[in-house]
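Presented below is the structure to which this report refers.
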Amino acid sequence: MTNPNELHFKTNVQLKSIIGKDLINDDNIAILELVKNSFDADAKRVNVTYFNLKDNDDELIQSFSEKTSRLVIKDDGLGMDLKDIQDKWLNIAYSEKKSNKTQHNRRMAGAKGVGRFSCDRLGEYLNLYAKTKDDKKYIKLSIDWKLFEIEDEEKEIQSIPLRFEYLSNNEIENLGYKAFENGVLLEVIKLRSSWAYPIKDKNGNTIKWDTEKFVDLKKYLEKLINPNQAFQDDDFGIYLNAPEFREENDLRNDYEKFIGKIENQIFEKLNFKSTSIESEIQEGGKVIYTELKDKGNTIFWIKEKNQYYPYIKDAKLKIYYLNPYAKAFFTRQTGIQSVNYGSVFLFINGFRIPPYGDVGDDWLALDQRKAQGHSRYLGSRDLIGHIELNDENNDFQIISSREGIVKNENYIKLTSKERNESFYFKSHRRLEKYVVDGLNWDSAIYDGKNKEEAKLLKELEQKIVEGGITESELVYREGKEVKQNRVYNAIHSIISAKAGEVIELYINENLITQKIEEERLKSEREFQQLIEDFDNKKIDSETLSRILQRKAEQNFELEKQLKEFDKYSTNEATTKAILELQNYKKTVEEQTILVEKLQYELDDLKNQKQSAEKTAKEYKDKADKAEVDLSIEKEKNLYLLATRRTLSPDADGLIHTIKINNIEIRDGIENVIDDLIEDDFDINNLIERLGFLKLNAERSLKMSEFVTRSDLKEDIEKKDVDLVSYIQEYISLYGETFSDKISFEFKVNNSYLNKNISVLNLSIILDNLISNSIKWGAENILIEFNNTSDKQLEFVFSDDGDGLSDKFLDKHERIFELSVREIPSNGMNGSGIGLFYTKNLLNDMNSEIDFIGNNLKLSGASFKLIFNTI
């Protein structure tokens, strides 16, 4: 007994129209829904055939006859028995997919269970013929849709009786159809739309038929059928036929013919004429495999962890970039411009979901994004492609109006344009970076930036469309090598992967090795020329500095690239190419060392030459002055003779020694001048001779200082000296003569050593050390004595100057070589031979000197002198 407090929905007959012809408001969509039903029924083939379109009695009779227009959709699927028709087909909104996600090894395409009402959209009457393998007879169900269109508020849809009957094979054949073992045949009668239109002349005679609607249906179904996912191994085919229009069909271009099998080959044809990226989720949804190709060549592929799991766990996409040439080839193959075809389509379980990808539908906000950076982003006009979803759990819910899918979290993880927040845009950005940063848009020879180029580009595209130009004849604005180098330099930015998410990476080994080979050849040519120029004295230090700068930049870039590669686990072929990159880096490092050596030698020679030229000029000036002084001295000769008689024997001997030294200096200078004038000299020999002259000059200067002192002869010759006391006394007397800004500090440490030496030579040694410190900016000098034994004195000389430069720290023994010098930071000049003769004079004393380091006692350099009594 009914509970008086309960209410129930009533299903008015108008429900048929609401979910039928009113809901499915497009003929093409209606046919697609019926094709989906055939697919779900495991059909291998579905025929869509039109009859009685040119000549029919649609407007002459109220019901229908054999001559009434018809659309027959026949499949070879499992068919239906009476129970199936009653409990499933006539059960409004029933869908097998709601309980079974897959059936007969296929993911089911139907979702809402209203596809059967597509028949209402297409025609006024329906005859359904169905048979399973187990049935001996066919079931025929007849429906007059007008019975459901009465305006009666009390009339319920289930109150309208539907008549069925059983038919034999003969009865089916008598109706004009071939008998079939299993399947469904839908006979839609008295079509609501005109599928072909007669074109008449002025006399009203039909001269031809407009069959564009068939062409549109074929193209619509092509776009709706995913060639890569649902219909593998050619296990499902859709065939369109209109026997009355075979002649009209044959007169059309191949891409416009509408009779025959419906196939979607557009994406496949684009493979070798475009740049593309393909991503596929593998290994149960945990891994994303992405591959970027350019005109058929793999640029890179990468396996990564699927960061979008579990929202996106069974998906695939392929996107093509269409440059002007590819767009022209697209038009040549399809007969329509790519801009009028669509952009990125969405397929779920093998069938397309409108309106995604339709012309003007910016569902991925590509055009909105491109408006923010026209030269940086790809828009819908630049792309064509598809996203494929296998959706067993109905995560992507199709809206019943057939206007897309519900924008839930799964949809967001599929399409969000936030950085790396969606499956689609992760691949889109990689393709975009490759096209923009790598290929520089892969521009045609004419890019249309001015009227003249736009005209030439249009003419070129038209030739492609007409078949007048082949792919091998195409010319681009930039050459292949230019683009390849840019791709190589931007490859890590293009890949843009997090190291922790990468499982394996492959980068085209030719991309790496060809770049290395190109750089290697260029570097070898440059280096060979450098050696030749150096040998022929055609290169200067500045040129070497520029080469070193380039080598440093090259080495830095190689190091950066190797660090990028080191982040990932790479494919075997890529690993071998990286090894070549490492070897090339070693070559660059070796070349850098050689260039540094050449620069050092060149700078050394330059410094030696400048020093020699300067010293020669100084001594020439002195020689000229000495000649003037000589004439004056001649006038004073009588005075000198007179005063000479008053000199002591020691002073007279000292003057004789000075005279001998000066003769050595004069003769030596004259010889140097002659060699310079004759341009007949060796740099090292010249420096050695000038150094000897400088030493004699210093001896004369030092002897002149001793004139006022007693025991002159002993000072010049060797005598026993308390070294510690003498050095302190000498610096106390003469230290200020070097500079009034220099301060001295002594640490004696009770040290003592008596040695038989020439105090003149010892004085010259001290002068050289002090002078050297002042030249290097010292203001304080520390002298520390220590006895290492009773026969050996250690004398450490330290200052707070700039110290020995980094250039010589690892090879400090070279500073005691002849002519080796550096220019101090204060700009003061030096002969570069002071330390050389200091070491020689000490060696003559059976003593030694060595540089022991910077920042040891004071902030500058420290030298250790060791005096031995033996």
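The values are calculated or read from the model by the stated rules, or taken from the named source; none is laboratory data. Model, not experiment: these values are computed from the prediction. With ideal geometry, Cβ positions are generated from the backbone for all residues, glycine too; neighbour counts draw on all protein chains shown.
If you check K515 against the conditions, is it surrounded by 18 or more Cβ atoms within 10 Å (Cβ to Cβ) and closer than 17 Å to L594 by Cα? Can you show your working first?
Numbers: surrounded by 18 or more Cβ atoms within 10 Å (Cβ to Cβ): yes; closer than 17 Å to L594 by Cα: no.
No: the conditions fail for K515.
Only residues that are at pLDDT 60 or above, part of a strand (DSSP E or B) and surrounded by fewer than 15 Cβ atoms within 10 Å (Cβ to Cβ): list them for region 89-137, please. Break it down into steps so the answer makes sense when it comes.
Taking region 89-137 first, the residues at pLDDT 60 or above are 89-96, 114-137.
Now drop any that are not part of a strand (DSSP E or B), which leaves 123-131.
Listed by number, the list is empty, since nothing qualifies.
Here is a list: K426, K417, K458, K449. Which entry is touching a Ser or Thr at 6+ places or on another chain (Cβ under 9 Å) and either at negative phi or outside any helix (DSSP H, G or I) (or both)?
Details: K417 fails: touching a Ser or Thr at 6+ places or on another chain (Cβ under 9 Å); K458 fails: touching a Ser or Thr at 6+ places or on another chain (Cβ under 9 Å); K449 fails: touching a Ser or Thr at 6+ places or on another chain (Cβ under 9 Å).
Testing whether each residue is touching a Ser or Thr at 6+ places or on another chain (Cβ under 9 Å) and either at negative phi or outside any helix (DSSP H, G or I) (or both) leaves just K426.
Looking at K213, K223, K208, can you tell me which residue is of a type outside the set (S, T, N, Q) and modelled with pLDDT of 95 or more? Show your work before the answer.
On the way: K223 fails: modelled with pLDDT of 95 or more; K208 fails: modelled with pLDDT of 95 or more.
K213 is the lone residue from the list that is of a type outside the set (S, T, N, Q) and modelled with pLDDT of 95 or more.
Being assigned to a strand (DSSP E or B), surrounded by 20 or more Cβ atoms within 10 Å (Cβ to Cβ) and either at pLDDT 90 or above or not β-branched (V, I, T) (or both) narrows it down to one residue among F851, F863; which is it?
On the way: F851 fails: surrounded by 20 or more Cβ atoms within 10 Å (Cβ to Cβ).
After applying the criteria, what remains is F863.
As an exercise: evaluate S422 against (1) surrounded by fewer than 21 Cβ atoms within 10 Å (Cβ to Cβ); (2) touching a helix residue (DSSP H, G or I) at 6+ places or on another chain (Cβ under 6 Å); (3) of a type in the set (S, T, Y) and give the number of the one condition it does not meet.
(1)
Could you tell me how many of the residues in region 37-73 are basic (K, R) and under 17 Å from I143 (Cα atoms)? Give the steps one after another, and end with the answer.
First pass over region 37-73, keeping only residues basic (K, R): 44-45, 54, 67, 70.
Add one more test, that the residue is under 17 Å from I143 (Cα atoms), and what stays is 70.
Total meeting the criteria: 1.
Quick check, is L191 closer than 20 Å to D135 by Cα, surrounded by 14 or more Cβ atoms within 10 Å (Cβ to Cβ) and not β-branched (V, I, T)?
Numbers: closer than 20 Å to D135 by Cα: no; surrounded by 14 or more Cβ atoms within 10 Å (Cβ to Cβ): yes; not β-branched (V, I, T): yes.
Considered against the rule, which asks whether it is closer than 20 Å to D135 by Cα, surrounded by 14 or more Cβ atoms within 10 Å (Cβ to Cβ) and not β-branched (V, I, T), L191 comes out as no.
Determine, yes or no, whether G77 is among the small types (G, A, S), crowded, with 20+ Cβ neighbours inside 10 Å and either at pLDDT 95 or above or touching a strand residue (DSSP E or B) at 6+ places or on another chain (Cβ under 8 Å) (or both). Show your work before the answer.
Numbers: among the small types (G, A, S): yes; crowded, with 20+ Cβ neighbours inside 10 Å: yes; either at pLDDT 95 or above or touching a strand residue (DSSP E or B) at 6+ places or on another chain (Cβ under 8 Å) (or both): yes.
So G77 fits the description; yes.
I'm checking my understanding of the structure. Among residues of region 783-794 that are more than 16 Å from G853 (Cβ to Cβ) and in a strand (DSSP E or B), which one is nearest to the chain's Cα centre (by Cα)?
Restricting attention to region 783-794, the residues satisfying the condition of being more than 16 Å from G853 (Cβ to Cβ) are 783, 785-793.
Imposing the further condition that a residue be in a strand (DSSP E or B) reduces the set to 783, 785-789, 792-793.
Working: I783: 61, F785: 64, N786: 64, N787: 67, T788: 65, S789: 68, Q792: 67, L793: 66 Å.
The qualifying residue nearest to the chain's Cα centre (by Cα) is I783.
Just for region 737-782: of the residues that are in a loop (DSSP other than H, G, I, E, B) and of a type in the set (S, T, N, Q), which one is modelled with the lowest pLDDT?
Applying the first criterion (in a loop (DSSP other than H, G, I, E, B)) to region 737-782 yields 738-742, 748-753, 776-779.
Within this subset, residues satisfying the condition of being of a type in the set (S, T, N, Q) are 739, 749-751.
Working: S739: 73, N749: 93, N750: 92, S751: 92.
This residue is S739.
Hydrophobic (A, V, I, L, M, F, W, C) and closer than 25 Å to K791 by Cβ: which single residue out of I774, I742, I757 fits that description? Explain how you work it out, then say what you get.
Working: I774 fails: closer than 25 Å to K791 by Cβ; I742 fails: closer than 25 Å to K791 by Cβ.
Answer to the selection: I757.
Please go through region 413-429 and give me each residue that is touching a Phe, Trp or Tyr at 6+ places or on another chain (Cβ under 9 Å) and in contact (Cβ under 8 Å) with a residue 40 or more places away in the chain, ordered by number. Walk me through it before giving the result.
Step one: list which residues in region 413-429 are touching a Phe, Trp or Tyr at 6+ places or on another chain (Cβ under 9 Å), which gives 413-419, 421-423, 426.
Result: K413, L414, T415, K417, S422, F423, K426.
Name every residue in region 61-83 that is over 60 Å from the mean Cα position of the chain (by Cα) and part of a loop (DSSP other than H, G, I, E, B), in order of residue number.
Within region 61-83, the first condition is being over 60 Å from the mean Cα position of the chain (by Cα), and the residues that meet it are 61-69, 81-83.
The answer is I61, Q62, S63, F64, S65, E66, K67, T68, S69, D81.
If you go through region 573-593, how many residues are farther than 19 Å from Q514 by Cβ and in contact (Cβ under 8 Å) with a residue 40 or more places away in the chain?
Residues in region 573-593 being farther than 19 Å from Q514 by Cβ and in contact (Cβ under 8 Å) with a residue 40 or more places away in the chain: 2 in total.
Looking only at region 520-563, count how many residues are touching a helix residue (DSSP H, G or I) at 6+ places or on another chain (Cβ under 7 Å), surrounded by 15 or more Cβ atoms within 10 Å (Cβ to Cβ) and assigned to a helix (DSSP H, G or I).
Total satisfying the criteria: 13.
What are the residues in region 301-358 that are under 17 Å from D395 (Cα atoms) and hydroxyl-bearing (S, T, Y), if any?
Within region 301-358, Y308, Y309, Y311 qualify.
Report, by residue number, each residue of region 783-811 that is crowded, with 17+ Cβ neighbours inside 10 Å and of a type outside the set (D, E, K, R). Spell out the reasoning first.
Within region 783-811, the subset crowded, with 17+ Cβ neighbours inside 10 Å is 783-785, 793-804.
Of everything in region 783-811, those that are crowded, with 17+ Cβ neighbours inside 10 Å and of a type outside the set (D, E, K, R) turn out to be I783, F785, L793, F795, V796, F797, S798, G801, G803, L804.
Considering region 468-495 alone, what residues qualify as being surrounded by 13 or more Cβ atoms within 10 Å (Cβ to Cβ), more than 8 Å from the chain's Cα centre (by Cα) and in contact (Cβ under 8 Å) with a residue 60 or more places away in the chain?
L474
For region 344-362, does any single residue satisfy the condition of being free of Cβ contacts under 8 Å to residues at least 24 places away in the same chain, farther than 23 Å from K218 by Cα and in contact with a helix residue (DSSP H, G or I) (Cβ under 8 Å, 6 or more places away or on another chain)? Walk me through how you get there before you give the answer.
Just the residues of region 344-362 that are free of Cβ contacts under 8 Å to residues at least 24 places away in the same chain, to begin with: 358-362.
Keeping just the survivors that are farther than 23 Å from K218 by Cα gives 362.
Then keep just the ones that are in contact with a helix residue (DSSP H, G or I) (Cβ under 8 Å, 6 or more places away or on another chain); that gives 362.
Yes, region 344-362 contains a residue that is free of Cβ contacts under 8 Å to residues at least 24 places away in the same chain, farther than 23 Å from K218 by Cα and in contact with a helix residue (DSSP H, G or I) (Cβ under 8 Å, 6 or more places away or on another chain).
Among all residue pairs at least 6 apart or on different chains, which show Cβ distances below 9 Å where the first residue, located in region 397-411, is at pLDDT 90 or above and the second is of a type in the set (V, I, T) and not in a loop (DSSP other than H, G, I, E, B)?
Filtered contacts from region 397-411: I405/I348; I405/I398; V406/I398; K407/T415; Y411/I405.
Listed residues L712, L693, L701; which is at pLDDT 70 or above and either more than 60 Å from the chain's Cα centre (by Cα) or of a type in the set (V, I, T) (or both)? First the steps, then the outcome.
Numbers: L712 fails: at pLDDT 70 or above; L701 fails: at pLDDT 70 or above.
L693 is the lone residue from the list that is at pLDDT 70 or above and either more than 60 Å from the chain's Cα centre (by Cα) or of a type in the set (V, I, T) (or both).
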